[in-house]
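To keep things clear, I will list the structure first and then write my remarks on it.
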Amino acid sequence: MTQTTALDTLVPGPGSLAGHRLGTPQQAGALTMVPVSGPAHRGFVPPRTGLKLSRVVGYGQVELANRADSGVAIVPLHIGYVQDRAQNHALCRSALLSAGQTLRFDDACCVQQSQGGHLGERDQWFFVLPLELRARALELRGAADYGKLWGDIAALNARHGLARRGHLEQILSRRRAVLTQFQSRLELQPGQVGALFLLSGRFAGLEIAPDPRYFAEMWTALVCFAYGVAARHAEPAPPDPAPYDLAHREAGRFEEGPFEGGPPAAGLAGVRAALDRDRSARLAEIGDRLAAAPAGPVELREEERHLDLRLSTVTGPQLAGQIVTDGDRTVYASLFAR
């Protein structure tokens, strides 16, 4: 199975990921991130510098604006905003905004059940809903009920040992210092336009952006919050340290050899060859896992059109999310395991 084929198994419909390649897998605890490189599609506005939260009209009603002079803004699926003096909200769906366009979302979900959890202005930032909430949020798109996610948020908080309340900031702010460690432990690569995420070796999500700048502006929101929350919960407790003889450990640390095929005496070429073999084996294993993952029947429903762009929702028993295609090319994808 080629790398592109492994990715295409996750993207239903006509949208192709031709030219996209998997990079070297990186792992931080239970979370594995495989960088995706590929073609850069021009004419799209990045989400942090070009897309702005204009105002919160009321509970469950927010306005976003494409402030760029040119280019289409793809609103990231399940983006949310932590802000001062207004309820924190997240969106249940993506959208396409022309340059200068302002769009009101009447089906946003309030992720803060009462006023008590507001953060100061210096702490304002955007996030993506944690993986555990995304399938439910997508199901609730179009439903004008600002408290529709409070029960799911409360259950998520309880699983993380926090008070059972509909306050997502209990995780996003109280656990922020721990979650942001994923940003430094997993390294964003030059030219990266996406990432494949696995939790405990199983597919968790595929995120594809139009170009490296767009993905770089999404990096923290994705790795720390969309997937970092679930990864932090999945990490096993560290084992109790066993007593050992440090001098003996240091003296015999290379007896087994760190790489199959010989100790470091094999030279730099041997080390590089061993690393290449390890990388190939890990990518092959990931491809096999994707191919073997139960997908079931997947429905592709077109939601919106903008010139040649098509925004569609993907739903299936094991997979959900939204994609944006331009003809036969996938320019944006946010797909996650259910």
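The values are calculated or read from the model by the stated rules, or taken from the named source; none is laboratory data. Nothing here was measured: the structure is a model prediction, and the numbers come from that model. Here Cβ is always computed from backbone atoms with ideal geometry, including for glycine, and neighbour counts include all displayed protein chains.
Would you confirm whether or not the range 215-237 contains a residue that is within 30 Å of Q113 (Cα to Cα), in contact (Cβ under 8 Å) with a residue 60 or more places away in the chain, assigned to a loop (DSSP other than H, G, I, E, B) and not aromatic (F, W, Y)?
yes
Scan the range 142-167 for residues that are surrounded by fewer than 19 Cβ atoms within 10 Å (Cβ to Cβ) and part of a loop (DSSP other than H, G, I, E, B) and jot them down.
Once the filter is applied, which keeps residues that are surrounded by fewer than 19 Cβ atoms within 10 Å (Cβ to Cβ) and part of a loop (DSSP other than H, G, I, E, B), the range 142-167 yields G142, A143, A144, D145, G147, H160, G161, L162, A163, R164, R165.
Of all residues being small (G, A, S) and in a loop (DSSP other than H, G, I, E, B) in the range 88-110, which is surrounded by the fewest Cβ atoms within 10 Å (Cβ to Cβ)? Just the residue, please. Explain how you work it out, then say what you get.
Filtering the range 88-110 for residues small (G, A, S) gives 90, 94-95, 98-100, 108.
Retained after the next criterion (residues that are in a loop (DSSP other than H, G, I, E, B)): 94, 98-100, 108.
Working: S94: 24, S98: 15, A99: 15, G100: 11, A108: 30.
Ranking the qualifying residues of the range 88-110, first place goes to G100.
Under 9 Å between Cβ atoms, at least 6 apart or on separate chains: pull out the pairs that start in the range 43-60 with a residue that is within 26 Å of V331 (Cα to Cα) and end on any residue that is in a strand (DSSP E or B) and hydroxyl-bearing (S, T, Y).
Pairs that qualify, where the first residue is within 26 Å of V331 (Cα to Cα) and the partner is in a strand (DSSP E or B) and hydroxyl-bearing (S, T, Y), are F44/Y332; L53/Y81; S54/T102.
Collect the residues in the range 168-196 that are more than 12 Å from V229 (Cβ to Cβ), under 14 Å from the mean Cα position of the chain (by Cα) and not in a loop (DSSP other than H, G, I, E, B), keeping them in residue-number order.
Those that are more than 12 Å from V229 (Cβ to Cβ), under 14 Å from the mean Cα position of the chain (by Cα) and not in a loop (DSSP other than H, G, I, E, B): Q183, Q192, V193, G194, A195, L196.
Looking at this structure, is R85 farther than 26 Å from G205 by Cβ and at pLDDT below 95? Outline the logic, then answer.
On the way: farther than 26 Å from G205 by Cβ: yes; at pLDDT below 95: yes.
Yes: the conditions hold for R85.
Under 6 Å between Cβ atoms, at least 6 apart or on separate chains: pull out the pairs that start in the range 152-174 with a residue that is farther than 22 Å from Q83 by Cα and end on any residue that is charged (D, E, K, R) and in a loop (DSSP other than H, G, I, E, B).
A158/R164
Can you name every one of the strands (runs of 3 or more DSSP E) wholly within the range 7-80 that holds 3 or more residues which are β-branched (V, I, T)? First the steps, then the outcome.
Details: elements: 26-28, 31-37, 51-58, 61-66, 72-75.
Fully inside the range 7-80 and qualifying: 31-37, 72-75.
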